[in-house]
Structures are given as structure tokens and as C-alpha cells.
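First up is the structure itself, then whatever we jot down about it.
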Amino acid sequence: MSENRTPGYGSTGDGGQGLTPSTGQNTSSGTGAATGLAEDKGYGAKIAEAASTAKDYVTDKVSVLGDKLTDLKNTDIKEVANQAKDYARQNPGQAILISAAAGLVLGLLIRGTRR
């Protein structure tokens, strides 16, 4: 909501009634509540737009994931193993780091808690 920040006016001491400091007369025409409702509707529209954008993004990613899973179904396991061996031969340093990271993660998952 927009507030009048002039010293002595608006919501800085008169309870948001818009009273003048000298006379105490009400200078508010009741637009504060209407402005607040309009701003709330603006936020609702922004939230709805963000939700729609998120839905579109997730839908696209699920579609890509489905395509990848379909490709994996059609791939021969022996072919994947051969590709992994070729990659390890071409990039031995990266293969060692990837293996170490995978081993660390699996070790943490399998170990459980020791108290």
C-alpha cells in the first residue's frame, strides 16, 4: 500500500486516518483501502503469471526427461559400457575424479549413521 510519508500526515501517528495535524479533520477520501485492494490484485496476477511460467518450465523439462528415458530404453547396455571405457581412456583424470565422487556419495548413503 502507498503511504503518505510527509511528517505529521498519513499513517505516521494518526492511525492511518489521514488527519491534519492542526485541526484533526479527516482528509482521507477512503481511497487507501481501494488502493490496497488494487495492489493485492496486482500481486495475485504476478503470482498467477509466475505459476504459469513455472508450469511451462516443468512441462518442458519432463518432456526432455521422457525423451532421454526413451533413448535409454533403446540403448544397448554393452554399447554404453564401451562408450564409458572409451571416455575413460581419453580422459583418465576426469574418469578418476568421477569415480571417486561416485564412491564417496555411495559410501555416505550406505554407511548410515553411527552414534
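Of the residues examined, residue 9 is one that is at pLDDT below 55, among the aromatic types (Phe, Trp, Tyr) and surrounded by 10 or more Cβ atoms within 10 Å (Cβ to Cβ).
Do we have any residue at all in the range 77-95 that's within 29 Å of the chain's Cα centre (by Cα), surrounded by 10 or more Cβ atoms within 10 Å (Cβ to Cβ), part of a helix (DSSP H, G or I) and of a type outside the set (Gly, Ala, Ser)? No, there is no match, as no residue in the range 77-95 is within 29 Å of the chain's Cα centre (by Cα), surrounded by 10 or more Cβ atoms within 10 Å (Cβ to Cβ), part of a helix (DSSP H, G or I) and of a type outside the set (Gly, Ala, Ser). Filtering the range 96-112 to residues that are of a type in the set (A, V, I, L, M) and surrounded by 10 or more Cβ atoms within 10 Å (Cβ to Cβ) leaves 96, 97, 98, 100, 101, 102, 104, 105, 106.
The values are calculated or read from the model by the stated rules, or taken from the named source; none is laboratory data. What you see is a predicted model; the values in this text were computed from it and never measured. With ideal geometry, Cβ positions are generated from the backbone for all residues, glycine too; neighbour counts draw on all protein chains shown.
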